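A quick write-up on the structure given underneath.
The values are calculated or read from the model by the stated rules, or taken from the named source; none is laboratory data. Just so it is clear, the structure is predicted and the values come from calculations on it, not from any experiment. Quick reminder, even Gly has a Cβ in these numbers, built from the backbone with ideal geometry, and neighbours come from all protein chains shown.
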Amino acid sequence: MKKIAVKTTSKNYEIFIGEGLSRKFDFDPIAHKREIFLIIDKNVPEKTIEDLKKNLKSSFPKRIVEKKIFASEKNKNLTYVSKIYDFMLNKKLGRDCLVIGLGGGITCDVAGFISATYLRGVEFLLLPTTLLAQVDASIGGKTGVNHKGFKNMIGAFYQPSLVIVDSSTLKSLPKKEVLCGLVEVIKHGIILDNKFFSWIEKNAINLKKLKISSIEYAIKKSIEIKAKVVSEDEKEKGLRAILNFGHTFGHAIETAGENKLYTHGEAVALGMLAASNLSENISDLSNLEIARIKNLLVKLGIRTSLKKKIDANSLIKLMESDKKKDKGIINFITIEKIGRAKIQKVKDKKLISKVINKTFSYS
Ligand SMILES: NC(=O)c1ccc[n+]([C@@H]2O[C@H](COP(=O)([O-])OP(=O)(O)OC[C@H]3O[C@@H](n4cnc5c(N)ncnc54)[C@H](O)[C@@H]3O)[C@@H](O)[C@H]2O)c1
């Protein structure tokens, strides 16, 4: 079992990584005599849910209450969350209850947001079950829901008490979801760790096959990178924004595809290519490094072209309505080289348009 410490201004906590932790982790210190509220993604295999519940029961909690949720971007909203508050109130869950989120990034964001707001805040922990949630969404305390068609518009910074990454939960994950997680793993290498990026290049096939030693190493490295950024800038006043590399373009591509045409990972991968081409123009990123990023995506079988043509101006408009916009100027994360990212404010719409047209062929 691997352990990583996360230190933030609001809270310090630990993340554990290992195979079979839902079944084996010692919950005694946190679950004993507590009221537990499990928020479970209904696509998590029954075996994992049963293992976790059996394990929790061995810590003699006061009561375990569970709610299965249908995790989708459409449901990730205040109306859905409100139904969960009603359920919790009906079950008379008090401020001393412990919320446990078991599922992918949507479940982690929703469980975190409910914990931040129910009775002005209750303790929570996360057991992320998608690769994306294990390397990204469960780390760093960003919680929230979508609002009026925009992603994660309403939310709170609220840290969990513990994150438990059971790598065996990945076995049931559809391949396209594995790829989504790998895109974020690659992003972590691109923004802060050149050596890790080279390691991913060498181990791409093992990662795709979910070879346990490789995937656990990639999860650990990713968490360390994200935890380091979050501990320096918990509330995204500056540095934390580098984690959005590829996401400004990516979110706009997702919205342009009505959140159906592309998976989040596909959109972010396309966004990373656009951000790399922008970096060539304004941060002197070499062609060689752009080719390394594209080749790695191709090697993993991640799409590098659009499915449907998008007009550059429409994409820019969507980026302007993203919450990362700052008085008409769009904030982009660019890289000078693999492993070194920076935040750039870009006013020049012609340049952005040129980059979009250069990056996106479609097939
Ligand atoms: N808070 C953050 O810092 C942060 C960071 C990145 C992404 N996010 C959010 O995370 C969400 C995306 O997360 P995601 O990609 O995990 O999506 P998700 O939660 O929708 O999970 C993807 C799919 O996998 C299913 N699933 C989950 N675990 C499974 C398992 N073990 N076996 C089989 N199927 C399983 C889910 O039901 C869903 O259909 C987005 O809403 C995004 O905004 C948040």
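At a glance:
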| read-out | value |
| --- | --- |
| Residue in region 111-119 that is within 21 Å of Lys74 (Cβ to Cβ), within 10 Å of the ligand (Cβ to nearest atom) and free of Cβ contacts under 8 Å to residues at least 60 places away in the same chain present | yes |
| Residue within region 74-89 that is within 14 Å of the ligand (Cβ to nearest atom) and either more than 22 Å from the chain's Cα centre (by Cα) or part of a strand (DSSP E or B) (or both) present | no |
| Breaking point among (1) hydrophobic (A, V, I, L, M, F, W, C); (2) in contact with a Lys or Arg (Cβ under 9 Å, 6 or more places away or on another chain); (3) within 14 Å of the ligand (Cβ to nearest atom), for Leu21 | (2) |
| Top-ranked residue in region 90-110 [being more than 16 Å from Ile49 (Cβ to Cβ) and among the β-branched types (Val, Ile, Thr); ranked as nearest to the ligand (Cβ to nearest atom)] | Ile106 |
| Search result, residues across region 164-199 that are among the small types (Gly, Ala, Ser) and in contact with a Gly (Cβ under 9 Å, 6 or more places away or on another chain) | Ser167, Ser168, Gly181, Gly189, Ser198 |
| Residue in region 56-73 that is modelled with pLDDT under 95, within 11 Å of the ligand (Cβ to nearest atom) and within 26 Å of Glu254 (Cα to Cα) present | yes |
| Enumeration of residues in region 130-156 that are more than 6 Å from the ligand (Cβ to nearest atom), surrounded by 22 or more Cβ atoms within 10 Å (Cβ to Cβ) and over 17 Å from Ala241 (Cβ atoms) | Leu131, Gln134, Val135, Ser138, Thr143, Val145 |
| Members of region 151-194 found to be in contact with a Lys or Arg (Cβ under 6 Å, 6 or more places away or on another chain) and under 30 Å from Lys47 (Cα atoms), listed by number | Gln159 |
| Selection from region 39-55 of residues that are more than 17 Å from Pro128 (Cβ to Cβ) and surrounded by 16 or more Cβ atoms within 10 Å (Cβ to Cβ) | Lys53 |
| Counted residues, region 157-181 - those being under 24 Å from Glu236 (Cα atoms), more than 8 Å from the ligand (Cβ to nearest atom) and not assigned by TED's automatic domain parsing to the domain that holds Gly121 | 0 |
| Residue match in region 201-208 (condition: out of contact with any Lys or Arg (no Cβ under 8 Å at 6 or more places or on another chain) and within 14 Å of the ligand (Cβ to nearest atom)) | no |
